[in-house]
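Only the coordinates and a few stated rules stand behind these numbers; no lab work does. Given the structure is predicted, the values throughout are model-derived calculations rather than measurements. Every residue, glycine among them, receives a Cβ derived from its backbone with ideal geometry; neighbour counts consider all protein chains shown.
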Amino acid sequence: MRIAADLALVLVFAAGACLGQTEAVPAAAIAFTEGPAADAAGNVYFTDLTSRRIFLLPVKGRLSTFRENSNGANGLVFDERGRLIACETGDAARGVPPRVTRTDLASGAVEVLAAGYEGKPLGAPNDVTLDGRGRIYFTDQGQAPGVYRIDPDGRISRILAAPAIERPNGVMISPDDRTLYLVESNQAEGGARMIRAYDLSPQGSVSGMRVFHNFYPGRSADGLCIDSQGNLYAAAGLNRRRNTSETLDTRPGVHVFSPAGELLRFIPIPEDTVTNCAFGGPDLRMLYVTAGKTLYRIPSEVPGLRR
């Protein structure tokens with residue numbers, strides 16, 4: 001099955017190049033792109049962890065800054081009403097704690113969905129996804145790592161915690177809402193570097209953990225996205241080693257797995273660090289990938305999901 005066009009990498013935005021260049025932020029300040037998400041119109045939003053901004057690349061027009069002082073925004077997703085949900089690691093200098101927010105693009109109003117659990121503040125919200133019932137799932141990499149669910153009524157539940165998990169990163173729900181995928185990205189020697197899969201109940205709880213794919217000893221995946229056939233796309237690997245125990249055994253790029261865990265395709269990405277991916281474009285047939293200073297675009301024959 002052909003998932004994406006062969007090596008059809010298009011640099012949608014590259015800091016320091018003329019493609020989509022913005023004058024609002026010096027190119028040198030954009031160094032760690034993350035969290036791509038596309039709205040219903042095809043506009044692409046992504047974060048940069050270095051300049052601490054959320055950027056907007058419209059279907060027509062130039063790259064612009066959607067939000068200054070993003071509070072360390074990382075993973076993004078749009079809900080069914082077109083509101084932008086963001087995992088924010090916080091900004092101590094500005095007195096903003098780690099939190100998960102939801103922005104109404106029409107009014108600009110920002111709503112805090114979660115800033116703590118059982119009387120304790122969140123540590124470092126990282127990535128976020130949705131199920132078909134409108135429930136929000138997010139990961140927290142703080143001192144008490146966990147995976148949380150926010151129900152439509154605002155109630156927050158922790159569905160996974162240490163020691164059952166180590167360093168939760170990307171999270172994704174299957175199209176039928178029956179499987180939750182979770183990336184573990186522990187860089188320590190012997191740490192979990194894998195994608196876990198869980199049975200997801202209609203009530204939003206998880207059970208039946210199994211290792212969907214093990215990346216160890218290479219760099220694990222970071223972000224995930226999924227297509228309409230349930231194939232899982234994982235941004236993973238390194239082009240060059242960094243100061244961790246991670247090796248170069250994991251090829252750098254997007255690894256495409258079937259629901260059964262079979263590697264269907266590999267899309268190489270030449271830039272470190274490959275961080276995340278999301279579907280957008282006409283009929284959700286465009287795969288967007290963030291890596292280093294760059295946002296890539298790859299056509300796909302299989303439409304994706306916006307979750």
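Laid out as a table, the results:
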read-out: Magnitude of the charge dipole, segment 10-299, Cβ model with Lys/Arg +1 and Asp/Glu -1, debye to 20; value: 320 debye
read-out: Magnitude of the charge dipole, segment 167-206, Cβ model with Lys/Arg +1 and Asp/Glu -1, debye to 20; value: 100 debye
read-out: Interchain or long-range residues, amide H under 5 Å from Arg83's placed H; value: none
read-out: Those GluC sites (Glu not before Pro) in segment 149-254 that DSSP places in a loop and that have at most 13 other beta carbons within 10 Å; value: Glu189
read-out: Between segment 103-180 and segment 35-56, the alpha-carbon center distance in angstrom; value: 19 Å
read-out: Segment 10-299: radius of gyration over Cα atoms, expressed as a fraction of 2.2 N^0.38 Å; value: 0.92
read-out: Highest-MSF residue in the chain out of Tyr137, Tyr45, Tyr117 [GNM, Cα springs under 10 Å]; value: Tyr117
read-out: Footprinting exposure proxy for Glu88, Glu118, Glu262 (fewest neighbouring C-beta atoms within 10 Å first); value: Glu118, Glu262, Glu88
read-out: ³J(HN,Hα), Karplus 6.51/-1.76/1.60, whole Hz, each residue of segment 129-141, x for Gly, Pro; value: 8, 10, 10, x, 9, x, 7, 9, 10, 9, 9, 10, 9
read-out: Amide H contacts of Gly142 (H built 1.01 Å from N, under 5 Å, at least 5 apart or other chain); value: Gly123, Ala124
read-out: Contact order normalised by residue count of the chain, Cα under 8 Å, 6+ apart, percent; value: 16 percent
read-out: HN-Hα J in Hz across segment 165-176 - Karplus 6.51, -1.76, 1.60, θ = phi - 60°, x for Gly and Pro; value: 10, 10, 9, x, 10, x, 9, 8, 10, 5, x, 8
read-out: Lys/Arg +1, Asp/Glu -1 at C-beta; segment 10-299 dipole; positive extreme among Met209, Ile269, Ala235; value: Ile269
read-out: Ala144 versus Glu111: modelled label distance in nm, points set 7 Å from Cα along the beta carbon direction; value: 2.5 nm
